[in-house]
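Trainee: Pasting in a structure now, in structure tokens, and then I'll have a few things to ask.
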Amino acid sequence: MPKTERWQWYVEEFSPAEQHHHAIDDLFVATRSKYQQIAVMRSPVFGKMLVLDGDTQSAEADERIYHEALVHPALAASDDRSDVLIVGGGEGATLREVLRCPDVRRCTMVDIDGLVVELSRKHLPEWSDGAFEDPRANVIVGDALEFLRSCGDRYGAILSDLTEPLADSPSNPLFNDEVFTLIKSRLHDDGVYVLQASTAAVHNAALHCKMARTLRKHYRHVVTFTTHVPAFDTEWAFLGCSDRVELSQLEAQRIDDYCARLSGESFFYDGVTHRRLFSLPLYLRRMLAGGGDTF
Ligand code: SAM
């Protein structure tokens, strides 16, 4: 029997007209929490993968590309890295990257789904790599919106590692003007807010541009940066927001000094990668400059 017939397939549907078929040679768990469907599987191409509601969240082969991009430009730009907040981030890999920075004294991570955290710790321990046991980690299972409303703290950096804000996703209520105002109120005046901000692929960048347009109402500097994430099968986008600093303009020396102080070895991010992340193609710059709807 040809190998393809022996495999089972995980079919990620990007739209009704576009699918990516991943062969799976192991399905570790497929279940449903109160909030979402959760599956952990292994693909012969990308290794272990976490899939929520049919969307790939991260994969062994390239999760370091996504997580280093989400965390390090933000922390390199921050003047105060002592207290960092992650909203979402269930796998613990964003936490792992934040805790590589020796200036971080506390990192609070708030994820709504305790089952995602539990299953990630069990099946994907390489993602957190001990971060959940780090005494600087403050992991809270709860709705980030409730947390943002009730906590009195302010942070030098806030990182948003939430699922896509689709209509039925528990992250959906976190994408609107009121919540963006709330998030800003939890940042120090000079703080940096970075969010994973959907795809910036030429045919599908509308959601990203909508996020960028909305956030421009809240921050003096809002900048898009992107990188290809193979397991997502697309160019992935992030937004860096601050009233003080334009992330694309960080001096090379500052990035080199920041990277030199990180514990462990980076896979993706350094000064050269920083310039590449912020070097956007003409069509995307045009789309971002154009008008359109906001949240
Ligand atoms: N890399 C991912 C992607 O591409 O979409 C995001 C990764 S992370 C697994 C997303 C996390 O956001 C999930 O663990 C989910 O439980 C969490 N989440 C969704 N809505 C949330 C909310 N309202 N409060 C806190 N966490 C939330």
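Trainee: Can you compute the modelled spin-label distance between SER185 and ASN204, with each label point 7 Å from Cα toward Cβ, in nm?
Mentor: 3.5
Trainee: Ok, one more. Would you work out the charge dipole size for the chain about its Cα centre, treating the Cβ of every Lys and Arg as +1 and the Cβ of every Asp and Glu as -1, and quote it to the nearest 20 debye? It would help to have the intermediate numbers written out before the result.
Mentor: Values: 31 positive and 45 negative charges, 107 e Å.
My answer is approximately 520 debye.
Trainee: By how many degrees, between 0 and 90 and to the nearest 10, does the Cα long axis of helix 63-77 differ from the longest principal axis of the chain?
Mentor: Compared with the principal axis, the helix lies near 0 degrees.
Trainee: Something else about it: How would PHE295, PHE267 line up from fewest to most surrounding beta-carbon atoms within 10 angstrom? Spell out each step's value before the answer.
Mentor: Working: PHE295 16, PHE267 13.
Ascending number of Cβ neighbours within 10 Å: PHE267, PHE295.
Trainee: Could you pull out which residues in the range 107-128 have an amide N less than 16 Å from a spot 7 Å beyond the Cα of ASP153, following the Cα-Cβ vector?
Mentor: Answer for this model: 107-112.
Trainee: Still on this structure, please answer the following. How big is the charge dipole of the range 8-58 about its Cα centre, in debye rounded to the nearest 20, if each Lys and Arg gets +1 on its Cβ and each Asp and Glu gets -1 on its Cβ?
Mentor: Working: 4 positive and 7 negative charges, 55 e Å.
So the dipole magnitude of the range 8-58 works out to roughly 260 debye.
Trainee: Beyond 35 Å, what percent of the Cα pairs of the chain remain?
Mentor: Details: 5706 of 43365 pairs.
It works out to 13 percent of all Cα pairs.
Trainee: Next up: Which lysines does LYS34 reach when only Cα atoms under 26 Å apart count, and residues fewer than 8 places away in its own chain are ignored?
Mentor: Correct list for LYS34: LYS48, LYS122.
Trainee: How do GLU18, GLU164 line up, fewest other C-beta atoms within 10 Å first? Walk me through the numbers before you get to the answer.
Mentor: On the way: GLU18 11, GLU164 17.
So the ranking, lowest neighbour count to highest, is GLU18, GLU164.
Trainee: In whole Å, how far is the Cα centre of the range 81-134 from that of the range 234-295?
Mentor: 22
Trainee: Something else now. What does the charge add up to near PHE132, with Lys and Arg as +1, Asp and Glu as -1, over the other residues with Cβ less than 12 Å from its Cβ? Please list the in-between numbers first.
Mentor: Details: positive: ARG96, ARG121, LYS122, ARG136; negative: GLU91, ASP111, GLU118, ASP129, GLU133, ASP134.
Local charge sum for PHE132: -2.
Trainee: In the chain, what percentage of the DSSP-assigned beta bridges are antiparallel, given to the nearest 5? The partial results should precede the final answer.
Mentor: Details: 38 of 58 bridges.
Percentage antiparallel, nearest 5: 65.
Trainee: Going by how many other Cβ atoms sit within 10 Å of their own, how do TYR283, TYR219 line up, fewest first?
Mentor: Details: TYR283 11, TYR219 19.
Taking fewest neighbouring Cβ atoms as first place, the list is TYR283, TYR219.
Trainee: A further question on this structure: Given a Förster radius of 45 Å and the C-beta distance between LEU282 and GLU133 as r, what FRET efficiency does 1/(1 + (r/R0)^6) yield to the nearest 0.05?
Mentor: On the way: r = 46 Å, r/R0 = 1.03.
Calculated value: 0.45.
The numbers here are math on the coordinates, done by the rules we state, and not lab data. The structure presented is a predicted model; accordingly, all values stated were derived computationally and were not measured. Quick reminder, even Gly has a Cβ in these numbers, built from the backbone with ideal geometry, and neighbours come from all protein chains shown.
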